[in-house]
1. Against the condition within 18 Å of GLU35 (Cβ to Cβ) and either open to solvent by less than 50 Å² (accessible area, probe 1.4 Å) or not aliphatic (A, V, I, L, M) (or both), how does LEU137 come out, does it pass?
2. Look at the stretch 28-68 and say how many of its residues are under 15 Å from the mean Cα position of the chain (by Cα) and either open to solvent by 10 Å² or more (accessible area, probe 1.4 Å) or not small (Gly, Ala, Ser) (or both).
3. Which one of the conditions (1) open to solvent by 50 Å² or more (accessible area, probe 1.4 Å); (2) away from the ligand (no atom under 11 Å from the Cβ); (3) part of a loop (DSSP other than H, G, I, E, B) does ASP150 fail to meet, given that it meets all the rest?
4. Please work out which one of (1) in contact with a strand residue (DSSP E or B) (Cβ under 8 Å, 6 or more places away or on another chain); (2) open to solvent by 10 Å² or more (accessible area, probe 1.4 Å); (3) aliphatic (A, V, I, L, M) is the condition MET22 fails and give its number.
5. Which of the residues that make up the stretch 11-64 are among the aromatic types (Phe, Trp, Tyr) and touching a residue at least 60 places away in the same chain (Cβ under 8 Å)?
6. Only residues that are part of a helix (DSSP H, G or I) and either more than 10 Å from the ligand (Cβ to nearest atom) or touching a Leu at 6+ places or on another chain (Cβ under 9 Å) (or both): list them for the stretch 91-105, please.
7. With the condition kept exactly as written, say whether any residue in the stretch 79-95 is touching a helix residue (DSSP H, G or I) at 6+ places or on another chain (Cβ under 6 Å), β-branched (Val, Ile, Thr) and open to solvent by 20 Å² or more (accessible area, probe 1.4 Å).
8. Let me spell it out: the conditions are (1) in contact with a helix residue (DSSP H, G or I) (Cβ under 7 Å, 6 or more places away or on another chain); (2) surrounded by fewer than 24 Cβ atoms within 10 Å (Cβ to Cβ), and GLN109 meets all of them except one. Which number is the exception?
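The values are calculated or read from the model by the stated rules, or taken from the named source; none is laboratory data. None of these values were measured; they are calculated from a predicted model. All Cβ positions, even for glycine, are placed from backbone atoms using ideal geometry, and neighbour counts span all protein chains on display. Heavy atoms of the whole protein, side chains included, go into the accessibility calculation; ligands, DNA and RNA do not. Shrake-Rupley method; radii C 1.70, N 1.55, O 1.52, S 1.80 Å.
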Amino acid sequence: MATENKSTVAVVMGSDSDLKIMKSCVEQLQDFGIEPVVRVISAHRTPQIAAEFADKAADKGIKIIIAAAGMAAHLAGAIAARTALPVIGVPIDADSGVGGMDALLSTVQMPPGVPVATVAVGKAGAKNAAVLAVQILALSDNSLAEKLADFKQAQAKKVMEKDAGIGKAS
Ligand code: RP5
């Protein structure tokens, strides 16, 4: 993981129990050559640290914050309330939650004026948060834009190969 002053993306999660899901977010960012700052910060258990993190993130060079939490998932919203940086929220289907719907609504239903770009629940969302962060950064980074184009092409190729394979089997 990167030191805070070198990274453009922060991946923050409410508990270390979220890491089994958020690992795919970190790995997807690393595949694009981005080494994120990774932190465990809780809106409820460490609210002061969450506030300090949000307040200082932009000054530390962070451009995008990915915030993941389960249950009454207020982390992304609490951070978005204190920074002008784009915040991408990942609702986690926590072991003691109610299948992710709790976190989905807590993350996505932000009041007007304080958006959290909420992705899918769980592992798909974790990966998509990374891809969305890359898409935003690629707007002003040509080398990242090229990697993104390669990624999309490889993804499409995999589907086309599966399509061709199914055609042969039938
Ligand atoms: C949330 O509560 C965390 O993001 C996690 O998804 C959930 C359960 O946390 P632990 O009890 O596993 O630490 O705040």
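1. Working: within 18 Å of GLU35 (Cβ to Cβ): yes; either open to solvent by less than 50 Å² (accessible area, probe 1.4 Å) or not aliphatic (A, V, I, L, M) (or both): yes.
So LEU137 fits the description; yes.
2. Final tally of qualifying residues: 18.
3. Evaluating ASP150 over (1) open to solvent by 50 Å² or more (accessible area, probe 1.4 Å); (2) away from the ligand (no atom under 11 Å from the Cβ); (3) part of a loop (DSSP other than H, G, I, E, B) leaves (3) as the failure.
4. Here MET22 clears every test but (2).
5. Of the residues in the stretch 11-64, the ones among the aromatic types (Phe, Trp, Tyr) are 32, 53.
Matches in the stretch 11-64: PHE32 only.
6. Step one: list which residues in the stretch 91-105 are part of a helix (DSSP H, G or I), which gives 101-105.
Matches in the stretch 91-105: MET101, LEU104, LEU105.
7. yes
8. Evaluating GLN109 over (1) in contact with a helix residue (DSSP H, G or I) (Cβ under 7 Å, 6 or more places away or on another chain); (2) surrounded by fewer than 24 Cβ atoms within 10 Å (Cβ to Cβ) leaves (1) as the failure.
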